[in-house]
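> Got a structure here, written out as structure tokens. Questions coming.
Just so it is clear, none of the values below were taken in a lab; they were calculated from the coordinates. Keep in mind the model is a prediction, meaning the values are calculated, not measured. All Cβ positions, even for glycine, are placed from backbone atoms using ideal geometry, and neighbour counts span all protein chains on display.
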């Protein structure tokens, strides 16, 4: 009889194995590992991560006493919003809150996080699993690559996101985190929905990073010289547009927002198997 993993951490690992393998070979990640990362591209990635972690950690705080999530509440060790605020000030200056971009795919991701936190808090487990454990796994390597490629200060300015000062041993902490995940009381149906949400988390990141990649390609070719500036000008108003968007349970899907510029739509229809990685998020 075939052994089926029963622990939630093992279920999620098995369920995301195929897309994880594809992610390791995606062009964005290969280029990053080669040190082929521009300042503009890195700034866009970091700005999107700020919006995402701000939303994720807002919902974590709202559900920190909820038994469906409480065992995984490690704000001092894991939360990234404060670190990303430092990075935003470094990359975008003292008035960064008024100037950082907030792209359509980032908005989509943020809406999903709020929708989950408000109506299905047990699914937060899927999002924290895919983000935080990956941050701990690949973050230090990618930090060094970015530091060298972008000629950043050796003291770590602009890269606070990758530093976890309250975690002495990432490997042991990840083991603790997985053990806590496995203590969560879930029915088979809930475990299935958490598993599907983990796939949705990958899909949201695919949408985001393919969008950013498309923006950079078009900007490099000079075909959309105003697009980057448009994103910056709109960021102040868009940051408030986080109304939850209902996504049915079951098979995850990504729908293209009607607000997206036509030039981006070809990017957002790329295949699920062209998975991409957010600066170390999925190296678990």
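> Between residue 175 and residue 65, what is the spin-label point distance in nm, taking each point 7 Å from the Cα along the Cα→C-beta axis?
3.4 nm
> Can you tell me how the stretch 89-201 classifies by the Cα gyration tensor, rounded, prolate or oblate, using a/c under 1.5 as the rounded cut?
oblate
> Among 7, 87, 168, 135, what is the fewest-to-most ranking by other Cβ atoms within 10 Å?
By the 10 Å Cβ count, ascending, the order reads 168, 7, 87, 135.
> Okay, moving on. Would you give the gap between the C-alpha center of the stretch 149-180 and the C-alpha center of the stretch 49-78, rounded to a whole Å?
Here the answer is 17 Å between Cα centres.
> So if I take the alpha carbon set of the stretch 48-123, get Rg, then get Rh from the Kirkwood formula, what is the Rg over Rh ratio?
Rg/Rh for the stretch 48-123 comes to 1.02.
> Let me ask something else. What's the exposure ranking of 108, 118, going from fewest to most Cβ atoms within 10 Å?
118, 108
> Place a point 7 Å from the Cα of residue 166 along the Cα-to-Cβ direction; which residues of the stretch 45-61 have their backbone N under 15 Å from it?
Flagged as within label range: 57-58, 60-61.
> Between residue 144 and residue 119, take the C-beta separation as r, use R0 = 45 Å, and let me know the FRET efficiency to the nearest 0.05. Mind showing how you got there, number by number?
Values: r = 40 Å, r/R0 = 0.89.
Efficiency computed from Cβ-Cβ geometry: 0.65.
> Based on other C-beta atoms within 10 Å, arrange 38, 171, 106 from fewest to most. Show your work: numbers first, answer last.
Details: 38 14, 171 10, 106 27.
Ordered from fewest to most neighbouring Cβ atoms within 10 Å, 38, 171, 106 come out as 171, 38, 106.
> Place a label point 7 angstrom from the Cα of residue 97 along the Cα-to-Cβ direction, then list the residues of the stretch 161-186 whose backbone nitrogen is under 20 Å away.
It comes to 161, nothing else.
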